[in-house]
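Rule-based calculations on the coordinates, nothing more; no lab input. On a predicted model such as this, the values are computed, not experimentally measured, just so you know. When we count neighbours, we look across all protein chains shown, and the Cβ atoms used for this are built from the backbone with ideal geometry, even at glycine.
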Amino acid sequence: MLIARRKLVIGVVGLAAGGASFAAVAASCSDDEAPPPSEEGNVLGALAETVIVPTAQAFGTASASLAASLVAFNAGPTTATLVAARQAWRDARGAWMRSRAFAFGPTEEHDGNIDWTPTKPANIDMTIASKTSFTADDIAALGTSSKGFLALEYLLFDPMATDDAVLAKLTTAPDAAAKRSYIEALGADLSREAATLQTKWEAFGPEIASAGNGSNVYVHAQTAIDDIVGELVFQVDVTGNEGIAAPLGLKTGGTVQPDLEIARLSDNTLDDVTNALVGIENIWDGTFNGADDLGIDDLVRKKSASLADDVRAKIAAAKSAVQAVPPPMRTALTSATPSLQAAFDAIIALKKVLAADVVTALGVTLSVNDNDGD
């Protein structure tokens, strides 16, 4: 979700071609023989190879599966294909939210096209009324509020309607064929964005891995650490403040703002928050899909084992607090406000220890927006 963007301290320049091996690309970052990587370099290499690039690849794969499910739905719109398309949307969105932990560099160029909020339903309806069929190129030419995950959500989900009622809008309504074509084209455009983003991360990953050791992007390893830790701080803040505090009304004097719930039509907001925290945990621990390597935890643990343990405990506490909220959020906003408040408090507690203690321990320089919010 594109709420606000912090600026990368250095530009994304000199990326090596995608598809090459990590070792080959990293070696090409300098004409001179590079010295052995530092401790920070080992962690950056592990994060790039074990977490960041595989996470981007998982998003690319899930988005391609989503696009295929939408082709199938358009060709044969039934309850079964609608349910399959919705599940593929949830799977791809989960992969996207887990990738938010490193939403800098290449992601900044694609963020809005993939996940802009808020959508503008009136604009989507107007576009659908303008023609009978659509392509990915048609979608690419539209504004960000008419495409991406939340545009698909608007057309595929309705928490107040039955599956049959949603299906009827997409099969028997006068504009049903145009809507399905638009849905298929949205999926194709999203998959293309995800594939391009994957390619860019496959090229940018070795630049992180070789930071301070021949990278064309990061002359110093510390600058890469600044970007990674700064993004963790920023994303924890966004997860708590935009994911929970805004709809709960904590920013508006306690008046609940249900329209500010980002994935409200799909009842997916709590999963969004959980997946964002999982992505943050993956960067912290250096883990992804069963693989376990070096992470930011290892750098902090060298400075203070108790601080590293505290962060790990706060990540677990935040995840547990979110999982304790009775779903969906749209009902929890009025029936389970204490549990939502507890989840917000746990997330902000994590944000504070990252923004203060971890930043100090690692000598991180935060950019302007990294430490916004509570």
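Length gained on full extension, LYS302 to ALA140: 53.7 nm, using 0.36 nm per residue less the C-alpha separation. For region 248-261, the Karplus equation 6.51 cos²θ - 1.76 cosθ + 1.60, evaluated at θ = phi - 60°, returns couplings of 6, x, 5, 9, 10, x, x, 7, 4, 10, x, 5, 8, 5 Hz by residue, with Gly and Pro reported as x. Here region 144-174 is scanned for amide nitrogen atoms under 16 Å from the site 7 Å beyond the Cα of ALA122 along Cα-to-Cβ, giving 145-146. Each of THR162 and THR337 was given a label point 7 Å from its Cα along the Cα-to-Cβ line. The distance between the two points is 3.4 nm.
Here the ratio of the Cα radius of gyration of region 111-158 to 2.2 N^0.38 Å is 1.05. Placing +1 on the Cβ of every Lys and Arg and -1 on the Cβ of every Asp and Glu, with nothing else charged, gives the chain a dipole about its Cα centre of roughly 920 debye.
Size of region 37-218: Rg and Dmax of its alpha carbons, in Å, are 18.5, 64. Between the Cα long axis of helix 176-209 and the first principal axis of the chain there is an angle of about 0°, rounded to the nearest 10. Please work out whether region 220-374 counts as rounded, prolate or oblate from its C-alpha gyration tensor, where a ≥ b ≥ c are the square roots of the eigenvalues and a/c under 1.5 means rounded, while otherwise a/b larger than b/c means prolate and anything else oblate? Verdict is prolate for region 220-374. Excluding same-chain neighbours fewer than eight residues apart, the lysines reachable from LYS179 by a Cα-Cα span under 30 Å are LYS120, LYS131, LYS147, LYS169.
Legend: calculated FRET efficiency, ASP292 to VAL83, from the Cβ-Cβ distance at R0 = 30 Å, rounded to 0.05, equals 0.30. Only helical runs count toward this figure. For the chain, summing -39,500 (n - 2.57) over DSSP H runs of n ≥ 4 and dividing by all residues gives -18500 deg cm²/dmol at 222 nm.
Share of pairwise Cα-Cα distances greater than 24 Å in region 114-215 is 35 percent (whole percent). Think of each Lys and Arg Cβ as +1 and each Asp and Glu Cβ as -1; about the Cα centre, that makes the dipole of region 194-256 roughly 140 debye. Listed by chain and number, the lysines placed with their C-alpha closer than 24 angstrom to that of LYS319 are LYS251, LYS351, LYS352; residues fewer than eight positions away on the same chain are left out.
What would the Debye formula give as log10 I(q)/I(0) at q = 0.15, 0.17, 0.21, 0.27 Å⁻¹ for the alpha-carbon point model of region 166-244, no solvent? With one equal scatterer per Cα and no solvent, log10 I(q)/I(0) is -0.78, -0.85, -0.96, -1.07. The GLN222 and THR360 beta-carbon pair, evaluated with R₀ = 22 Å, returns a calculated FRET efficiency of approximately 0.95.
Using a simple spin-label model with pseudo-atoms 7 Å out from Cα toward Cβ, ALA324 and THR171 lie 4.4 nm apart. Using the Cβ-Cβ distance between THR132 and ALA316 with R0 set to 41 Å, the FRET efficiency from 1/(1 + (r/R0)^6) comes to roughly 0.20.
Region 260-338 and region 47-126 have Cα centres spaced 20 Å apart.
Packing, taken as the mean count of other beta carbons within 10 Å per residue, orders the peptides 206-217, 46-57 from highest to lowest as 206-217, 46-57.
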